[in-house]
Amino acid sequence: MDNNTAIRTALITGASSGIGAAFARLLAARGSDLILVARREERLQQLAAELSSRHFIQVELLPADLSSEVGIQLAAMRAHDCPTLDLLINNAGFGLPGAFHETPLEKINAIIQVHVLAAVRLTHAALNGMTTRQRGAIINVTSMASYVVTPRNVAYSATKAFMTVFS
């Protein structure tokens, strides 16, 4: 999308804090409606109240845990069904420091679900409408950790490396 094209609606994962909230504030200031996805509903509500009152935009909340199949399904369905979705920002993520062999397998599975599977499925869902409308963009937030692997952060680096190559 060029700088002159207004973004009608953006869906942002991991929107309740950090980079996701920064993207939401920037897009709201530009007049874009938002679909905010995150686990922490209270933080989403606070951000939505701030943005909708300050910028007079529509903010839809989608509380969802992208480490769960249900959460991924909810977000992917919303991305697929939004007729004005012009921007998907796959930002949800978390760190998982520690020795790989000492990290519980359920935590490793969760980081793969959030960083890899959720991003792939949301991208696929969003692209269907974007290609039909011939309009849209996707931002995948990755990390320098995808290039520099540290022994005590292997799962994080591996999932971010996937996102870098996938992007």
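Here are the criteria: (1) more than 30 Å from ARG133 (Cβ to Cβ); (2) assigned to a helix (DSSP H, G or I); (3) of a type in the set (A, V, I, L, M). Tell me which single one ALA75 does not satisfy.
Of the numbered conditions (1) more than 30 Å from ARG133 (Cβ to Cβ); (2) assigned to a helix (DSSP H, G or I); (3) of a type in the set (A, V, I, L, M), the odd one out for ALA75 is (1).
Identify, from the list THR9, THR13, THR84, the residue that is surrounded by fewer than 17 Cβ atoms within 10 Å (Cβ to Cβ) and at pLDDT 95 or above.
Going through THR9, THR13, THR84 in turn, the sole match is THR84.
Any residue at all in region 71-79 that's touching a Gly at 6+ places or on another chain (Cβ under 8 Å), open to solvent by 80 Å² or more (accessible area, probe 1.4 Å) and either modelled with pLDDT under 95 or closer than 21 Å to LEU122 by Cα (or both)?
Within region 71-79, not a single residue is touching a Gly at 6+ places or on another chain (Cβ under 8 Å), open to solvent by 80 Å² or more (accessible area, probe 1.4 Å) and either modelled with pLDDT under 95 or closer than 21 Å to LEU122 by Cα (or both).
Considering only region 79-93, I want to know if a residue exists there that is free of Cβ contacts under 8 Å to residues at least 60 places away in the same chain and small (Gly, Ala, Ser).
Looking through region 79-93, none of the residues is free of Cβ contacts under 8 Å to residues at least 60 places away in the same chain and small (Gly, Ala, Ser).
Listed here are the residues, each with its yes/no results for (1) out of contact with any Ser or Thr (no Cβ under 6 Å at 6 or more places or on another chain); (2) small (Gly, Ala, Ser); (3) modelled with pLDDT under 95; (4) within 21 Å of ARG40 (Cβ to Cβ).
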{"residue": "ALA92", "(1), (2), (3), (4)": "no, yes, no, yes"}
{"residue": "LEU96", "(1), (2), (3), (4)": "yes, no, yes, yes"}
{"residue": "GLU106", "(1), (2), (3), (4)": "yes, no, no, yes"}
{"residue": "THR123", "(1), (2), (3), (4)": "yes, no, no, no"}
{"residue": "THR131", "(1), (2), (3), (4)": "yes, no, no, no"}
{"residue": "PRO151", "(1), (2), (3), (4)": "yes, no, yes, no"}
{"residue": "PHE166", "(1), (2), (3), (4)": "yes, no, no, no"}
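For (1) touching a helix residue (DSSP H, G or I) at 6+ places or on another chain (Cβ under 7 Å); (2) touching a residue at least 40 places away in the same chain (Cβ under 8 Å); (3) not acidic (Asp, Glu), each residue gets a yes or a no:
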site	(1), (2), (3)
LEU122	yes, yes, yes
THR132	no, no, yes
ALA137	no, yes, yes
TYR147	no, no, yes
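Considering each residue of region 116-159, count those that are closer than 19 Å to GLY18 by Cβ, open to solvent by less than 50 Å² (accessible area, probe 1.4 Å) and aliphatic (A, V, I, L, M), and give that number.
Going through region 116-159 one residue at a time, the tally reaches 5.
Checking ASP86 against (1) assigned to a strand (DSSP E or B); (2) more than 16 Å from the chain's Cα centre (by Cα); (3) of a type in the set (D, E, K, R), which single condition isn't satisfied?
Unmet for ASP86, out of (1) assigned to a strand (DSSP E or B); (2) more than 16 Å from the chain's Cα centre (by Cα); (3) of a type in the set (D, E, K, R): (2).
When you go through (1) assigned to a helix (DSSP H, G or I); (2) buried (at least 17 other Cβ atoms within 10 Å of the Cβ) one by one for ASP65, which number turns out not to apply?
Among (1) assigned to a helix (DSSP H, G or I); (2) buried (at least 17 other Cβ atoms within 10 Å of the Cβ), the lone unmet condition for ASP65 is (1).
The values are calculated or read from the model by the stated rules, or taken from the named source; none is laboratory data. Because the structure is a prediction, the values reported are computed rather than measured. Note that we place each Cβ from the backbone using ideal geometry, even for glycine, and neighbour counts take in every protein chain shown. To get the accessible areas, we keep the full protein, side chains included, count just its heavy atoms, and leave off ligands, DNA and RNA. Shrake-Rupley method; radii C 1.70, N 1.55, O 1.52, S 1.80 Å.
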